[in-house]
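Take a look at the structure below.
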Amino acid sequence: MHEVLQNLRKVADEHDAVLIGETWTKNIDELKQYYGAHGNELQLPMDFMFTRVDKLSPGEFRRQIAAADSAGGWPTWVITNHDIPRSYNRYGDGTHNDEIAKLMAALYLTLRGTPIMYYGEEIGMENNDPKRREDVKDPEGRTGWPKEKGRDGERTPMQWSDAANAGFSTQTPWLPVPESYKTHNVASESKDPNSVLEFYRKVLALRHKNAALLEGNYTALNEDDPNVLSYLRSYKGKSVLVALNMSNSPQKASFKLDNGSSSGLTGLVSTSGAEA
């Protein structure tokens, strides 16, 4: 495998191309190998271990972030894909799902590295798992039903509007859209300044114009805090402090920053609960 990747890299370098890897690994040592011993394999191997943190846990996320940073390459973050139930369902509590979706956006869009968004994350799309075996399209679900329902639920059509079939098609699509398409769609959320989509747009705009978020170092803060995940992104005298409340109640956090970090400081705060 690694010999093949090194040969692919030679071709990619000739054309100024980037290699992204769907790299499932069981530990950080395996992930590190995909960068290549001399940085001569994949530029962006995805860190799917990040998706295995299936709860809002500052401690677990800190460990995963530190591990990815230690791999020696440029981290590549994903929180879901076509094989993993949508993050809206995995992290949501059934009451504050939109707030939690914004929290997760604030996390993986502000870390040092490249975030890879799965379509629909930016509007809070949810899984639409089949209820009957005869509705299953995925071979894994057909053979594994009912214990294994397959991956159809996270592969439903993009929700563009509140029109029939979420505006995806005038014909019946391969997979059905969930009822939430009536509120969670691009057209509706584009008109709502408090929507998940508008939050994604704001954070992405901040990321693209703030050098600290694009190029800056990552420094973990308050590493013993069980409720708030916080870190500093710093670049050429400018810093962004990110504080993410992963609890369901208001939290207070204090930060001790040296003069170099506190000059030119920008803050980004996100909460998971409606009252936080």
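Quickly run through segment 226-252 and pick out the residues that are open to solvent by 30 Å² or more (accessible area, probe 1.4 Å) and either assigned to a loop (DSSP other than H, G, I, E, B) or within 14 Å of residue 103 (Cα to Cα) (or both).
Hits for segment 226-252 are 226, 227, 236, 237, 248, 249, 250, 251, 252.
Name every residue in segment 162-200 that is without any contact (Cβ under 8 Å) to a residue 60 or more places away in the chain and farther than 24 Å from residue 130 by Cβ, in order of residue number.
Kept after step one, since they are without any contact (Cβ under 8 Å) to a residue 60 or more places away in the chain, are these residues of segment 162-200: 162-183, 187-188, 190-194, 198.
Across segment 162-200, the qualifying residues are 187, 188, 190, 191, 192, 193, 194, 198.
Given 262, 234, which one is polar (S, T, N, Q) and at pLDDT 95 or above?
On the way: 262 fails: at pLDDT 95 or above.
Result: 234 is the single residue among 262, 234 that is polar (S, T, N, Q) and at pLDDT 95 or above.
Just need a number here: residues in segment 93-109 that are open to solvent by 30 Å² or more (accessible area, probe 1.4 Å) and either closer than 15 Å to residue 206 by Cβ or aromatic (Phe, Trp, Tyr) (or both).
1
Of the numbered conditions (1) in contact with a Lys or Arg (Cβ under 9 Å, 6 or more places away or on another chain); (2) of a type in the set (S, T, N, Q); (3) modelled with pLDDT of 95 or more, residue 227 fails exactly one; give the number of that condition.
Of everything listed in (1) in contact with a Lys or Arg (Cβ under 9 Å, 6 or more places away or on another chain); (2) of a type in the set (S, T, N, Q); (3) modelled with pLDDT of 95 or more, residue 227 misses just condition (1).
How about segment 13-33: which of its residues are open to solvent by less than 50 Å² (accessible area, probe 1.4 Å) and in contact (Cβ under 8 Å) with a residue 24 or more places away in the chain? Walk me through how you get there before you give the answer.
First, pick out the residues of segment 13-33 that are open to solvent by less than 50 Å² (accessible area, probe 1.4 Å): 17, 19, 21, 23, 25, 28, 31.
Hits for segment 13-33 are 19, 21, 23, 25, 28, 31.
Considering only residues that are in contact with a Lys or Arg (Cβ under 9 Å, 6 or more places away or on another chain) and within 19 Å of residue 178 (Cβ to Cβ), look in segment 110-121 and name the one that is surrounded by the fewest Cβ atoms within 10 Å (Cβ to Cβ). Steps first, please.
First, pick out the residues of segment 110-121 that are in contact with a Lys or Arg (Cβ under 9 Å, 6 or more places away or on another chain): 110-112, 115, 118, 120-121.
Now restrict to residues that are within 19 Å of residue 178 (Cβ to Cβ): 118, 120-121.
On the way: 118: 16, 120: 21, 121: 23.
Of everything passing the filter in segment 110-121, 118 is surrounded by the fewest Cβ atoms within 10 Å (Cβ to Cβ).
Can you tell me which of (1) of a type outside the set (Asp, Glu); (2) open to solvent by 30 Å² or more (accessible area, probe 1.4 Å); (3) not in a helix (DSSP H, G or I) is the one residue 9 doesn't meet?
Result: residue 9 passes all but (3).
So, residue 81, is that one open to solvent by 10 Å² or more (accessible area, probe 1.4 Å) and in contact with a Pro (Cβ under 6 Å, 6 or more places away or on another chain) or not? Reasoning before the result, please.
Numbers: open to solvent by 10 Å² or more (accessible area, probe 1.4 Å): yes; in contact with a Pro (Cβ under 6 Å, 6 or more places away or on another chain): no.
Spelling it out, it is not the case that residue 81 is open to solvent by 10 Å² or more (accessible area, probe 1.4 Å) and in contact with a Pro (Cβ under 6 Å, 6 or more places away or on another chain).
Give the residues of segment 51-72 that are crowded, with 17+ Cβ neighbours inside 10 Å and either in a strand (DSSP E or B) or in contact (Cβ under 8 Å) with a residue 40 or more places away in the chain (or both), sorted by residue number.
Selection gives 56, 58, 61, 62, 65, 68, 69, 71.
What residue, among those in segment 64-104 that are out of contact with any Leu (no Cβ under 9 Å at 6 or more places or on another chain) and among the hydrophobic types (A, V, I, L, M, F, W, C), is nearest to residue 199 (Cα to Cα)?
Ranking the candidates gives 101 first.
Looking only at residues that are open to solvent by less than 50 Å² (accessible area, probe 1.4 Å) and of a type in the set (A, V, I, L, M, F, W, C) in segment 34-50, which one is farthest from residue 68 (Cα to Cα)?
42
Please verify whether residue 135 is closer than 19 Å to residue 83 by Cα and touching an Asp or Glu at 6+ places or on another chain (Cβ under 7 Å), treating the condition exactly as stated. Walk me through how you get there before you give the answer.
On the way: closer than 19 Å to residue 83 by Cα: yes; touching an Asp or Glu at 6+ places or on another chain (Cβ under 7 Å): no.
Considered against the rule, which asks whether it is closer than 19 Å to residue 83 by Cα and touching an Asp or Glu at 6+ places or on another chain (Cβ under 7 Å), residue 135 comes out as no.
On the basis of being part of a loop (DSSP other than H, G, I, E, B) and aliphatic (A, V, I, L, M), does residue 18 make the cut? Explain how you work it out, then say what you get.
Values: part of a loop (DSSP other than H, G, I, E, B): yes; aliphatic (A, V, I, L, M): yes.
Yes; evaluated as a whole, the condition is true for this residue.
The values are calculated or read from the model by the stated rules, or taken from the named source; none is laboratory data. Please read all numbers here as calculations on a predicted model, not as lab measurements. No Cβ is skipped: glycine too gets one built from the backbone with ideal geometry, and neighbour counts run over all protein chains shown. Surface accessibility is based on the protein's heavy atoms, side chains included, excluding ligands, DNA and RNA. Shrake-Rupley method; radii C 1.70, N 1.55, O 1.52, S 1.80 Å.
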